[in-house]
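A short write-up of the structure that comes next.
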Amino acid sequence: MARRPQRFTEDDFESLEGRASKTEQKKAVQRMAALGEQLAELSKKQIQSLPVEERLIEALLDVQLITSFEARRRQFQRIGKLLRNEDEAVILSYLTPKQGVKKLAQLDRWVDRMIEQRDPAIKEFCKSYNAAEAHSLRQHVLRFHRDVTRQASAEELAASKLKLLNYAQQVALISDNSK
């Protein structure tokens, strides 16, 4: 018995819109694990004052005691998974003093440039920050422009831009750490 070709409707594609692909999800976990490494460098007192889940605080304190490379790698993967449940902006606010005000202003200008110029600015950003992924940046910029075309509220536009800025901050932290 032959199968009928499945016909997709516009509703099928709209339900997938905004969802991250498996690759994007994996890359996000890797970014979160790298952010976990940055968080683990904080002092014990700073870690305990983080406004996050208790399990995450315990995992960050545990990783400071682990000396085996493989065990640390697995622990950072676990930390990355725990970080997915936390607010990115809060986590980045604890790490941004490492970057400094000048760096944050520069990243904000990069975000504005990427929104204005799209691909040329995205490519240049990816050259400057080796942890950046052009596809993820394009997705953030496209979501922002889609919000503009559907005349979203100012709050929604600000939230969309903040997501792009958070991604840029994560990438900058990871890239600065790996240089």
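The values are calculated or read from the model by the stated rules, or taken from the named source; none is laboratory data. All of these numbers come straight from a predicted model, not from anything done at the bench. All Cβ positions, even for glycine, are placed from backbone atoms using ideal geometry, and neighbour counts span all protein chains on display. For the accessible areas, the whole protein counts, side chains as well, though only heavy atoms, and no ligand, DNA or RNA atoms are used. Shrake-Rupley method; radii C 1.70, N 1.55, O 1.52, S 1.80 Å.
Within the stretch 75-98, residues that are among the polar types (S, T, N, Q) reach partners that are at pLDDT 75 or above and open to solvent by 70 Å² or more (accessible area, probe 1.4 Å) with beta carbons closer than 8 Å, at six or more positions or on different chains, in the pairs GLN75/ASP62; ASN85/GLU53. Against the definition (closer than 21 Å to GLN38 by Cα and either touching a Leu at 6+ places or on another chain (Cβ under 8 Å) or in the same structural domain as GLN46 (by the TED database) (or both)), how does PHE144 come out, yes or no? Taking the combined requirement at face value, the residue does not satisfy it. Just one of the numbered conditions (1) closer than 29 Å to VAL52 by Cβ; (2) in contact with a helix residue (DSSP H, G or I) (Cβ under 9 Å, 6 or more places away or on another chain); (3) of a type in the set (Gly, Ala, Ser) is not true of ALA121: (1).
Each row is one residue, and each column tells you yes or no for (1) of a type in the set (S, T, N, Q); (2) part of a helix (DSSP H, G or I); (3) touching a Gly at 6+ places or on another chain (Cβ under 6 Å); (4) closer than 23 Å to GLN25 by Cα.
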site: VAL52; (1), (2), (3), (4): no, no, no, yes
site: LEU61; (1), (2), (3), (4): no, yes, no, no
site: ALA131; (1), (2), (3), (4): no, no, no, yes
site: ALA159; (1), (2), (3), (4): no, yes, no, yes
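Tell me, please, whether a residue that is surrounded by fewer than 19 Cβ atoms within 10 Å (Cβ to Cβ), within 16 Å of the chain's Cα centre (by Cα) and of a type in the set (S, T, N, Q) can be found in the stretch 70-79. Yes, some residue in the stretch 70-79 is surrounded by fewer than 19 Cβ atoms within 10 Å (Cβ to Cβ), within 16 Å of the chain's Cα centre (by Cα) and of a type in the set (S, T, N, Q). Residues in the stretch 87-131 that are modelled with pLDDT of 85 or more and small (Gly, Ala, Ser): 3 in all. Can you work out which of the residues in the stretch 63-106 that are of a type in the set (Val, Ile, Thr) and assigned to a helix (DSSP H, G or I) is farthest from ALA159 (Cα to Cα)? Among them, the one singled out is VAL63. Could you go through the stretch 161-178 and let me know if any residue there is touching a residue at least 40 places away in the same chain (Cβ under 8 Å) and outside any helix (DSSP H, G or I). No, every residue in the stretch 161-178 fails to be touching a residue at least 40 places away in the same chain (Cβ under 8 Å) and outside any helix (DSSP H, G or I).
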